[in-house]
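Working notes for the structure below.
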Amino acid sequence: MTNDQSNAMWGGRFAAGPDAIMEAINASVSFDKRLAAQDIAGSRAHAAMLAETGILSPTDAEAIRNGLCTVLSEIEAGDFAFSTALEDIHMNVEARLKDLIGEAAGRLHTARSRNDQVATDFRLWVRDQIDAAMSGLEALIRALLAQADAGADWVMPGFTHLQTAQPVTWGHHMMAYVEMFGRDMSRFADARVRMNECPLGAAALAGTSFPIDRHMTARALGFDRPAANSLDAVSDRDFALDFLSCASICAMHLSRLAEELVIWSSAQFRFVALSDRFSTGSSIMPQKKNPDAAELIRAKIGRIFGANVALMTVMKGLPLAYSKDMQEDKEQVFDAADTLMLALAAMEGMVRDMTANRPALEAAAASGFSTATDLADWLVRALNLPFREAHHVTGTLVALAEKRNCDLPDLRLEDMRAVHPGITAEVFGVLGVHNSVASRVSYGGTAPEQVRTQIGRWKERLG
């Protein structure tokens with residue numbers, strides 16, 4: 001096959017054969033231009049350090065500082081012409097800087113490499129995304145707290161296997177998600193501490209012979225310290241994997257809540273009504289109100305999971321130090337971060353706007369023999385029965401109630417005494433759903449007083 005034939009297989013996508021193909025596969029500016037602010041911040045810190053250590057003259061440092069400010073203004077205003085021929089954001093910025101200030105621009109790259117430059121830029125960007133994710137999580141937690149506060153004593157069914165298990169409170173259910181998303185916040189916070197080391201000054205892989213001050217650049221960029229090993233600094237992306245891992249767990253929690261909102265808003269449940277802002281109608285069925293935002297959150301989560309696997313796959317076989325494979329580290333992280341922030345914002349809006357149907361929740365809580373465990377516990381406490389025997393007596397009474405098409409509180413005392421003669425009228429005091437939830441006073445239980453205690457603890461924590 002000739003070169004012309006080979007190029008024709010690309011269907012005219014490339015104008016000039018192998019050179020155009022190489023430019024297309026090699027260039028990253030189409031996506032890494034998102035790092036522009038971080039790249040310019042890193043360059044400004046590097047130039048200031050070079051001047052402070054006498055490597056760069058004050059005149060050149062001032063020209064570079066002013067030129068970089070101009071470049072950033074052009075990018076932010078949308079007036080910057082990005083070139084794929086210049087490969088990436090770093091070379092695009094440097095080329096424009098040279099246009100603006102001339103020969104001094106070439107001194108900016110003293111004592112650094114694109115390897116430590118991109119590692120620093122990307123680390124700064126991911127750190128910013130962690131901060132944004134934590135803010136989004138806090139907003140969602142506050143929305144859940146508001147729901148929990150409003151319904152701290154509203155009863156609803158608690159489920160196992162999606163079967164009615166025991167009564168709980170609406171507030172208790174909301175607080176379960178507060179705890180989950182609270183752990184997500186702590187995971188992001190832990191990841192931020194771990195990643196807060198500065199690669200700048202590691203150069204290509206071995207450090208530099210120039211008398212640089214890496215502690216100065218680290219401080220200027222808000223890092224806790226310089227990265228301790230130059231090989232590691234430029235060759236790992238575990239900070240991005242940390243972010244994706246935290247994002248994946250958070251996304252899983254978002255998907256579980258989304259699934260519950262889909263179920264709860266159905267005509268069969270009617271536990272909640274979602275606002276019109278986060279629902280859509282049907283093109284053919286006028287009665288429909290679809291929980292599309294929740295369904296889309298549930299689906300979009302796969303993109304975050306996929307990004308985690310994709311970056312693990314990129315990194316798993318790379319020898320030290322830098323390889324061009326690592327250019328594939330950004331697009332999936334960018335997409336995952338965008339998806340997570342959108343999902344957090346949509347979920348916060350849905351939770352804040354939704355209205356719980358208290359009568360439907362209470363009616364469902366009282367169905368399905370949800371107080372059977374309370375009856376078994378009463379038999380142990382009041383009659384001193386072994387729990388296994390109490391379990392058997394309760395199961396017999398449930399079967400009797402099923403046969404008579406009624407719930408446990410509707411059985412007559414004489415019917416209960418026929419199963420066990422020791423049962424007294426006091427048993428009816430534990431069979432109501434409100435009595436059931438009020439009795440669960442153990443720490444972390446569903447009793448309204450416990451729920452309000454946990455709400456107070458979280459409000460104090462968030463300030």
- Alpha-carbon centroids, segment 417-439 and segment 146-207: separation in whole Å: 37
- Item | Rounded accessible area per residue of segment 366-462, 1.4 Å, Å² | 54
- Query: Pairs of lysine in segment 273-374 with Cα under 24 Å and at least 8 positions apart or on different chains: total?
  - Reply: 5
- Task: Just add up the charged neighbours of residue 314: K/R +1, D/E -1, any other residue whose Cβ is under 9 Å from the Cβ of residue 314.
- Result: -1
- Which order do the peptides 311-324, 437-450, 131-144 take when ranked by the mean count of other beta-carbon atoms within 10 Å per residue, highest first? 131-144, 437-450, 311-324
- Calculate one ³J(HN,Hα) per residue across segment 163-174 by plugging θ = phi - 60° into the Karplus curve 6.51 cos²θ - 1.76 cosθ + 1.60, and present them in order as whole Hz with x for glycine and proline. 10, 4, 10, 9, x, 10, 9, 3, x, 5, 5, 4
- Query: Please state the relative contact order of the chain as a whole percent: Cα pairs under 8 Å, 6+ residues apart?
  - Reply: 16
- Return the carbon/sulfur percentage of the accessible area of the chain, one whole number, probe 1.4 Å, all protein chains in place. 53
- Query: Excluding ligands and nucleic acids, what accessible area in Å² is computed for residue 266 using a 1.4 Å probe, to the nearest 10?
  - Reply: 30
- Message: Leaving out ligands and nucleic acids, and using a 1.4 Å probe, what accessible area per residue does segment 148-208 come to in Å²?
- Response: 37
- Note on the structure: proj_area_mean for segment 366-462 (convex hull on C-alpha atoms), units nm², value 6.8
- Note on the structure: If amide H atoms are modeled at 1.01 Å from N in the peptide plane, then the residues at a separation of 5 or more from residue 290, or on another chain, having amide H under 5 Å from its own are 280, 281
- Going toward the positive end of the dipole of the chain, with +1 on Lys and Arg Cβ and -1 on Asp and Glu Cβ, which of 230, 205, 409 do you reach last? 409
- Item | 5 angstrom amide H check on residue 158, placed H, neighbours 5+ away | 165, 166, 168
- Query: At 222 nm, what helix-only mean residue ellipticity would the chain give, in deg cm²/dmol to the nearest 500, using -39500 (n - 2.57) for each DSSP H run of four or more?
  - Reply: -20500 deg cm²/dmol
- Message: In whole Hz and in residue order, list the ³J(HN,Hα) couplings for segment 325-337 that follow from phi through the Karplus curve 6.51 cos²θ - 1.76 cosθ + 1.60, θ = phi - 60°; x for Gly and Pro.
- Response: 3, 6, 5, 7, 8, 9, 4, 5, 5, 4, 5, 5, 5
- Message: Tell me the relative contact order for segment 366-462 as a rounded percent, counting alpha carbon contacts under 8 Å between residues six or more apart.
- Response: 25
- Rounded to whole Hz, the Karplus (6.51, -1.76, 1.60) HN-Hα couplings of segment 393-403, x for glycine and proline: 4, 4, x, 5, 5, 4, 4, 5, 5, 4, 4
- Query: For residue 79 and residue 25 in the same chain, what is the full-extension length gain: residue separation times 0.36 nm, less their Cα-Cα distance, in nm?
  - Reply: 16.9 nm
- Query: If the cut-off is 18 Å between C-alpha atoms, which aspartates and glutamates fall inside it for residue 98, apart from same-chain ones fewer than 8 positions away?
  - Reply: 39, 60, 62, 74, 79, 87, 88
- Consider the candidate values (1) 100, 61, 40; (2) 100, 54, 40; (3) 69, 54, 41; state which one is Cα extents along the principal axes in Å computed from the structure displayed. (2)
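The values are calculated or read from the model by the stated rules, or taken from the named source; none is laboratory data. The structure presented is a predicted model; accordingly, all values stated were derived computationally and were not measured. Neighbour counts run over all protein chains shown; Cβ positions are idealised from the backbone, glycine included. Each accessible area value is taken on the protein alone, full model and side chains, heavy atoms only, with ligands, DNA and RNA left out. Shrake-Rupley method; radii C 1.70, N 1.55, O 1.52, S 1.80 Å.
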